[in-house]
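See structure below.
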Amino acid sequence: MKLEATRNTTHVDRDWDAESREQLGQRMRVMESDLLKVRTKYNSLAKINTLPAEIMSSIFLMVMASLKGLNPPARWQGGRLVGRIGPDISWINVTHVCRHWREVALDCATLWSTLLFCTPELTEAMTIRSKNAPLSFKFDCYDNRFNDVVSRILSQPQRLRSVEISGLLHPALLDKSSRSAPFLERLVLTPLTSLPKILLPTNFLQGGAVCLKHLELQHFHIPSWEQLPLGPHLTLLELKLTTSGKRPSAQPFLESLQAMPLLQHLSLFDFLPEGDYPKHFSDDSEPPPLPDLRALELSDTSAAITGFFATLTVPQTAKVAVYLTDTDPEIEISPLSQLLVNLRKGWKGLEEGVQRLILEEEYLQKFDIHEEYLQLQLYRKRSIEVKSNEYIRPDLLINLRSDHDLHPHAVFSTIAAQLDLSQLMFLSVLFESYILTPETWISAFGALEGLKSITVGHTVALSLIEALGEDPAFQADGSVQPNSTLLPPHFPNLSNITFCSVDFGLQTNNPSAFISYIQQTITVFRRKIYPCIALEISTCSNFRQEHLEQLEGMGIEVDWDLHNGDMHGQEGARPILYAEFTDDEDNEEGEEGNSQASNGD
C-alpha cells in the first residue's frame, strides 16, 4: 500500500511539472514577444532611426564604399595565402542590426546593384533586391556554378551599367545580349588568351548602347568593324589580341572616329584599315577626328600604321605607342624611316624635341608566345621636368619585331636622321645581344652637345668607351690634326656614364684590363677643358673593391651599388625604366567580383 501511494504521488508530480513547464514556456514566449516589441520601440526612438530612409541609405552606401580596398584581397606571401579571400561583404551586417535598419537596407536598390560573386545564392539575392536599378559587376569566370545567374543577368541588357568579365568566358553568355543597353557605360570582356578566340555574336548589342563610354575587348574574333557598339560618348576604345574577319575600309573607319569626339584612349591591335586612305581627310573634316586623344596604341603592319599617321592628326599632348609587326627583315628599317616621317607630320609632339631616349631589347607576350622587340622610348622636355618618383609613361614608344636579323646601325642612323635629337640629354642603350660599333655611337650621338648622361647595357659598354677614346683632334697615327683646338671631342658635354647589368669580366680579357681601359680613356684621352665623366655601377658583376679604389685613385667619381653577383645563367636585374602602356585611371572599379568565397547573406 505504501509503495503504491508513492508511485501515485510521483506520477502526479510529473504531470504537474510538465504542465508547469508548458505554462512557463508560454509565459516566456509572451514575455520575449513583449520584450521584442519594447526593444523595437526603444530602437525606433534612437536618434539615428529618426533619420529619413534616404539619408540612412546614403550612410549604408558610404559604409560599403569605405570598405573597398580597406582589406586587400588574398595574396601569396612567404609561400602561403594571406589576407581575405573574396570581396569584403562585411557591409551586409548593417542588415542585421535591427528590423528598421534591415527594412531600409533591403529597400535601397542601389545598395545591392553592385553584384558580388561569393555564392550563386548571394548573387541571385542581390539581383532581386536591386529591383530595377542599373547593375554593375566585375567577375572572373572560373566557376561554372555562376553560369546560370550570369546568363540571367546578361539577358537583361536594359539594366546593365558596368560589366567586366574575364577568365573562362563562355561564348553562350553573350548570345542574349542583342537588345538595347540604354544605361551601359562600361564593357570589359577579356577571356583567357590560352583558349580559342571567342566569336563576337553578329547581333551583339545591336539594339544600341548610347551611353557607352568604355569598351574593351581582348582575344575576340570580330567579324566586322561595323558590328561594334560604337557611339558618341566613348572615351576609351581598346581592341587587343583580336582578329577581324573583315578590316574596315578607310573612309568608314575615319568617319566612325570622327563620330567619337570624346575619345581619349584608343588601342587597336591588327584592326587598322587596309588600302589607301582618302586624301586630305584631315583638312576637309570638320570637326577633326580625335581632338581629345590622350593615349594612342597601335599594333599592326608598318604600312597600316604609316597610313594612319599620314592621314590623321594626333594631339600634341597625346602619348603614342606603336608595335610594328612586320616579319620580313628586308622591309624593317625603311618602314621605320617612313613611319617617323609621317609621325612628325601627324603628331606635333615631336616638335618639342627629344630629351630622353631609351633603346632596349624587350620580350612581349602575345597570346602564349613571347616575341622579341627592339624598343624605343622617347621622352619630351615636359616629361623630363616632372619631379616624381612615379613611373612616367614615354611620350613615344616604338617596338620593332626583332625575331630576325635587325641591324642596329641602320636603326640608329634612322633615328638620328628622322628625329630632332638636338635637345637630347639622357640616352640609355640597354642591349643584351645586339652589338654596336664605335662608329655607330659616334655617327648617331657623338656630335650632340646637350647629351649629359649615357646608360649602357652588357653588349654595348666596350664600344662606348672605344668611341670616347677616338678624339677627332688626333689622326689615326696619333698625330695632331691641323686646327685641332677647334675640333670638339665626341660627346663633348658628357658628364655621367652608367653601367647597367654589365659583366666587366666579358668586355676584354679580364675585368682589370677593362677598368684600366676606362680609366685611360677618361683621364688621358679626354681633354681637360671638357667636363669630367663620373661613373655609376648598377647591378653589375665582376666589379670589385680594388677596381673602385683604382678609379677613385685617378680622380674619377664612382657611385657603386656594391652589387657583384654572378650573372652567368641569370637575367640581370635592371632598373624599371618603363611600364605597360595602360591607363590607371580606367581601373578604378572596386574588386567586388573577383572571388569565389563561400560567404552569403
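See the values below:
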{"quantity": "Ratio Rg/Rh [Cα only; Rh per Kirkwood] for the range 503-558", "calculated": "0.96"}
{"quantity": "Whole-Hz ³J(HN,Hα) from phi, Karplus 6.51 cos²θ - 1.76 cosθ + 1.60, for the range 410-419, glycine and proline x", "calculated": "5, 5, 5, 5, 5, 4, 5, 7, 9, 10"}
{"quantity": "Karplus (6.51, -1.76, 1.60) ³J(HN,Hα), θ = phi - 60°, over the range 51-58, in Hz, Gly and Pro reported as x", "calculated": "5, x, 4, 5, 5, 4, 4, 5"}
{"quantity": "Phi-based couplings in Hz for the range 200-217 (Karplus 6.51, -1.76, 1.60; Gly and Pro marked x)", "calculated": "6, x, 5, 9, 5, 6, 5, x, x, 9, 5, 9, 4, 10, 10, 10, 9, 10"}
{"quantity": "Projected area averaged over orientations for the range 141-215, convex hull of C-alpha atoms, nm²", "calculated": "4.6 nm²"}
{"quantity": "Two-decimal Rg/Rh across the range 80-202, once Rg and the Kirkwood Rh are taken from alpha-carbon atoms", "calculated": "1.00"}
{"quantity": "Cross-link pairs LYS452/LYS528; LYS246/LYS319; LYS197/LYS246; LYS319/LYS345; LYS138/LYS246; LYS131/LYS213 - those with Cα-Cα distance over 19 Å", "calculated": "LYS246/LYS319; LYS138/LYS246; LYS131/LYS213"}
{"quantity": "Burial order of peptide ranges 95-108, 306-319 (average beta-carbon count within 10 Å, highest first)", "calculated": "306-319, 95-108"}
{"quantity": "Packing-based order for 511-518, 269-276, using average beta carbon neighbours within 10 Å, highest first", "calculated": "511-518, 269-276"}
{"quantity": "Amide H partners (placed H, <5 Å) of VAL314, local residues excluded", "calculated": "TRP347, LYS348"}
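All of the numbers you see were taken from the coordinates with simple rules; none came from a lab. Note that the coordinates shown come from a computational prediction; the quantities given were computed from them, not determined experimentally. Neighbour counts are summed over all protein chains in view; Cβ atoms, including those assigned to glycine, are modelled from backbone coordinates with ideal geometry.
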